[in-house]
Structure formats: C-alpha cells, structure tokens
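**Student:** Below: one structure in structure tokens.
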Amino acid sequence: MIKTWSHSKEKFPIYSSIPYSPIAGKVLLSAKENGLQLADNLLASALLHSLRGAVSQHQIDFLVPIPSRKSVARKRGRQFISTLSRSAGENLNIPTEELLAHTRKVRDQSNLDAKNRAINLDEALISLRFLSGQAVLIDDLVTTGSTLHEAARALRTGGITVAAAVTACVAEPLR
C-alpha cells in the first residue's frame, strides 16, 4: 500500500497499490483504450487493495469515480473508472455514486506538466447533487493530483465531505 497526500489546501490521503511503471502504463492503456478484460481485472484488483487500505483508516459511505470526458467515454463505450469503482465497491458493500460531471471541454492531460494540468482542470468539474456522508474519490492513476484536487473541490463546493482518494497506480513522487 502506498499512501501519499494531496497538495490541495484541504489535504486528503491518497491510497494506491502500484507504483507507475512502463508495464503498469501498458496495463492501464489495455484496459482503458482496448477494453481488455484481463487488464480490467488487474486494475480492479489493485483498486480493491487500495480501497481496503482506505476503509481501514476512514469511515466511507460511498465512492465517487472520476468521469471521463463524454467524447472519450463514447469512444470507449463506457465510463471506465465507474466500471472499476462499482466492481471494487461491490466487494466491500460500498455504493458508487456518479456525482461529478464536466462543465466544459478539457484537454488530454497526458502531455501536460503539473502547472498546465491544474490550469486545464480549474473549475472543470461540478457536483451534480448533494449526498450526505464520507466520499472517496476513485481514479486509475495519480500523477500530479490535479484531477483529484479538482474533483474534491467540486464535491466540497456541493457540500460533500471528501475523506480520501483511491487509485490503482501512483507516479512517485507526485510531480
């Protein structure tokens, strides 16, 4: 278990299972872009391991997956992170709530540095509704923390408490 912390003003822990590597990157892409079931299974297992770490430290009422951009989800035929979140949550009887949506178009983050990722995502997400309880953000990979920071901001603006975040992979150190 790898535990890091967000760089946002209101810090929260981030639980991850796998250090990012070229092999981990290939598994992520195989699951995300190609829908390879074996890759999905590996990521679901890693997320479940990370989630168990978060559950051991926090009261968790529901999971909130980071949404893909609509065009990306259409191309993939699914909201990739939501699928993984539901799988991990079902194992621990924690519901997945799709509470986040994009308010505007954002660029692909893969080639952006930390500063440009933060600018790209600034106020790009909104909470769709209020839900009482402790939320845990779910994503596949944390590199700079910009996506998790923006998701936490959107949920907190909507009155939702963010207890932690869970990812399958972490690029260490957070850049």
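**Student:** Which ranges mark the helices (runs of 4 or more DSSP H) fully within the stretch 27-106 that have 2 or more residues being within 21 Å of L131 (Cβ to Cβ) and of a type outside the set (V, I, T)? Steps first, please.
**Tutor:** Numbers: elements: 37-57, 70-76, 80-92.
Here the list reads 37-57, 80-92.
**Student:** Same structure, new question: Go through the stretch 114-149 and give me each residue that's among the acidic types (D, E) and surrounded by 12 or more Cβ atoms within 10 Å (Cβ to Cβ). Please lay out each step first, then the result.
**Tutor:** Applying the first criterion (among the acidic types (D, E)) to the stretch 114-149 yields 122-123, 139-140.
Residues satisfying the conditions are D122, D139, D140.
**Student:** Is there a residue in the stretch 70-78 that is touching a residue at least 12 places away in the same chain (Cβ under 8 Å) and surrounded by 19 or more Cβ atoms within 10 Å (Cβ to Cβ)?
**Tutor:** No, because not a single residue in the stretch 70-78 is touching a residue at least 12 places away in the same chain (Cβ under 8 Å) and surrounded by 19 or more Cβ atoms within 10 Å (Cβ to Cβ).
**Student:** Looking at K115 and the list (1) over 14 Å from the mean Cα position of the chain (by Cα); (2) part of a loop (DSSP other than H, G, I, E, B); (3) not small (G, A, S), which single condition is not satisfied?
**Tutor:** Single failed check for K115: (2).
**Student:** Report, by residue number, each residue of the stretch 126-157 that is in contact (Cβ under 8 Å) with a residue 60 or more places away in the chain, assigned to a strand (DSSP E or B) and closer than 17 Å to S82 by Cβ.
**Tutor:** A135, V136, L137, I138, D139, D140, L141
**Student:** Among the residues of the stretch 26-41 satisfying the criterion of being in contact (Cβ under 8 Å) with a residue 40 or more places away in the chain and under 16 Å from the mean Cα position of the chain (by Cα), which is nearest to N91 (Cα to Cα)? Don't jump to the end; show me each part of the working.
**Tutor:** Filtering the stretch 26-41 for residues in contact (Cβ under 8 Å) with a residue 40 or more places away in the chain gives 28, 31-33, 35, 40.
Within this subset, residues satisfying the condition of being under 16 Å from the mean Cα position of the chain (by Cα) are 28, 31-32, 40.
Values: L28: 21, A31: 20, K32: 21, D40: 15 Å.
Within the stretch 26-41, the match that is nearest to N91 (Cα to Cα) is D40.
**Student:** Let me confirm something: among P22, P13, which residue is over 14 Å from the mean Cα position of the chain (by Cα) and surrounded by fewer than 20 Cβ atoms within 10 Å (Cβ to Cβ)? Show your work before the answer.
**Tutor:** Values: P13 fails: over 14 Å from the mean Cα position of the chain (by Cα).
Answer to the check: P22.
**Student:** Which pairs do you get when a residue that is closer than 16 Å to T157 by Cα, found in the stretch 1-12, comes within reach of a residue that is assigned to a loop (DSSP other than H, G, I, E, B), reach meaning Cβ atoms under 9 angstrom, with the pair 6+ apart or on two chains?
**Tutor:** S8/G145; F12/S6
Read the figures in this text as sums done on the coordinates, not as results from a lab. None of the values given here were measured: they were computed from a predicted structure. No Cβ is skipped: glycine too gets one built from the backbone with ideal geometry, and neighbour counts run over all protein chains shown.
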